[in-house]
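Student: Mind having a look at this structure? Questions to follow.
The values are calculated or read from the model by the stated rules, or taken from the named source; none is laboratory data. All figures in this text were calculated on a predicted structure; none of them were measured in a lab. Backbone-built Cβ (ideal geometry, glycine too); neighbour counts: all protein chains shown.
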């Protein structure tokens, strides 16, 4: 463990280290404690054009599991020995970047660490007076943006159509379903357990909720979508995707956002045996990567903020206070479905 | 066996029967002889608004296998005891329909029979001087229209993009690949056997052909599409679809036209295990049913005819002369991949 004196730090900071969570090994199945390594490094000093961010909140996302695998993907894998990639919120505590003043709150892919150096690329300034900080990792972050572009650009539900969302009590699903409702669609959520289902219908305004833990999802979906599913926003994959395909309507649109059921099996992904439903129904299945929409983040954030302010959109964050070393267990909790809404680690 | 005297028949027809092929049982796996029944019925007389067509050519299509299953689909299943559904070409030999004069050549879903009664719905007049009659079941029929709308409406290849077609030496695939080339794309065909592959490259102008019988299609596709597949026109499904998904490029479009590899297994369809490639690549997989485009058949036929006349598009029909009872074995030949181009039964 290394400790360094920071001569250039403002305020009361004197001798501190930067604790970071690094990927030490590639996981097979669930990422156990053996895949992580905690290190303490010198807090870096910003060069010209850089800033130093003190991180306050770290996001936990199912997609992180994919980033840990050494495969060609939409983003390069986290390298062995590298700090784990994560969206985070923090405060600029030292800046030599003209676009970011000291004291600003910012969000970006800062990683699972206490302090991050940034050149400002992909960093957005956030306003803690407009919304609580964890929300910038949820409804106003990558999560909400994913739901927004998936629903508006790919799903495009028309009024009266039936939208079904899997992982509906999760961070992306809970926002996606509500956006479907705001666009005039009937919204059905699939979630695990009575409590989550009740939250969907009683608080978020979903028309119906299907508890997959009760079994026979296909029959429940047939009941909830008697004319077929028009839009299926998929965060789960596996059997639920096959069930949705079996109940798909003519011209249905499936948004492939994730496949949390398949990330940690340690086995080959289960392909959707009912995929020919796409053919029979002239339907489509389209992948969504939110990073493609970066030039429209502002438009989307404005709309999401307006819906939130009007009370038309309800965001929920599950904030856990802890240190960097709390991250590995929280990630396992996320995959176990232990949280409702957006799971965020708030650094103490 | 019934024979009737036809008083209203023109010309030399006197005492004839109408031999029809009916579905007697639902097949499991390949449709063996036990699923068929030949019957001889009275040749019907057209009522007002109807016409009688003497069939000359009957189409054989992989999609027919799906029509024989009792499942919800884009078209109702052929009922047990019903004449097998099939596109056909024939001549109007008696007409009480104002739109169809006696002596006209027509095409429609007349079925596997010698004579068909029709009210004209879905029937198009064809011109034997513009193209040989079997071609109206191939490049100028449902087959060519499927290739046309799949490529132009769903695939939309841009010049320089890479188009890969499975079942490329088949009726739909051979036209789809050529349309891709006409739109300026690099075209790669997957087919079974050296002869078919050579036909694709030497005669049809495909840039490359991959012989799936040689194995390791994935590696061959990586070589043929080093920047990834932009458009995959899928007639085959199964392993080849998984191979194509593995080599898909960013923004790739998969046209789901068929899945001939899965029709006769008698087992559950094999879902594409690599489907998350759609997510990683922001790609799409979209089902195509040609019947949805009926109001644009004329536009497409005009374009296909123009390409054929200019020699830019090459159509090949594999015409087998025989009687109605030749149909079952020909259908098995089709599934065995015995034909190149469009397989047609010409009634003697």
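Student: Working only within the range A:245-269, note down all residues that are within 7 Å of chain B (Cβ to nearest Cβ) and either under 18 Å from residue A:154 (Cα atoms) or in contact (Cβ under 8 Å) with a residue 24 or more places away in the chain (or both).
Tutor: Selection gives A:256, A:259, A:269.
Student: Looking at (1) within 22 Å of residue B:62 (Cβ to Cβ); (2) under 18 Å from the mean Cα position of the chain (by Cα); (3) modelled with pLDDT of 95 or more, which is the only condition residue B:164 fails?
Tutor: (2)
Student: Right, here's the next one. Please count how many residues of the range A:279-294 are at the interface with chain B (Cβ under 7 Å from one of its Cβ atoms) and either surrounded by fewer than 22 Cβ atoms within 10 Å (Cβ to Cβ) or under 14 Å from residue A:244 (Cβ atoms) (or both).
Tutor: Residues flagged as at the interface with chain B (Cβ under 7 Å from one of its Cβ atoms) and either surrounded by fewer than 22 Cβ atoms within 10 Å (Cβ to Cβ) or under 14 Å from residue A:244 (Cβ atoms) (or both) within the range A:279-294 amount to 9.
Student: Could you figure out which of (1) in a helix (DSSP H, G or I); (2) touching a helix residue (DSSP H, G or I) at 6+ places or on another chain (Cβ under 9 Å); (3) in contact (Cβ under 8 Å) with a residue 12 or more places away in the chain; (4) over 19 Å from residue A:135 (Cα atoms) isn't true of residue A:337?
Tutor: (1)
Student: Is one or more of the residues making up the range B:150-163 under 24 Å from residue B:346 (Cβ atoms) and crowded, with 18+ Cβ neighbours inside 10 Å?
Tutor: So far as the range B:150-163 goes, no, none of its residues is under 24 Å from residue B:346 (Cβ atoms) and crowded, with 18+ Cβ neighbours inside 10 Å.
Student: Further question on the same structure: Any idea which of (1) within 13 Å of chain B (Cβ to nearest Cβ); (2) at pLDDT 95 or above is the one residue A:232 doesn't satisfy?
Tutor: Failing condition for residue A:232: (1).
Student: On to the next question. Tell me whether the range B:305-314 contains one or more residues that are surrounded by 20 or more Cβ atoms within 10 Å (Cβ to Cβ) and within 14 Å of chain A (Cβ to nearest Cβ).
Tutor: No, there is no match, as no residue in the range B:305-314 is surrounded by 20 or more Cβ atoms within 10 Å (Cβ to Cβ) and within 14 Å of chain A (Cβ to nearest Cβ).
Student: In the range B:121-221, which strands (runs of 3 or more DSSP E) lie fully inside it and hold 3 or more residues that are in contact with a helix residue (DSSP H, G or I) (Cβ under 6 Å, 6 or more places away or on another chain)?
Tutor: In the range B:121-221, B:162-166, B:186-191, B:208-211 are the strands (runs of 3 or more DSSP E) which contain 3 or more residues that are in contact with a helix residue (DSSP H, G or I) (Cβ under 6 Å, 6 or more places away or on another chain).
Student: Answer with yes or no whether residue B:323 is more than 10 Å from chain A (Cβ to nearest Cβ), crowded, with 20+ Cβ neighbours inside 10 Å and touching a residue at least 12 places away in the same chain (Cβ under 8 Å).
Tutor: No.
Student: When the range A:276-295 is examined, which residues are found to be within 26 Å of the chain's Cα centre (by Cα) and farther than 17 Å from residue A:155 by Cα?
Tutor: Result: A:291, A:294, A:295.
Student: So residue A:129 clears everything in (1) in contact (Cβ under 8 Å) with a residue 24 or more places away in the chain; (2) farther than 24 Å from residue A:19 by Cβ except one condition, right? Which one?
Tutor: (1)
Student: Does residue B:344 satisfy the condition of being over 30 Å from residue A:255 (Cβ atoms) and assigned to a strand (DSSP E or B)?
Tutor: yes
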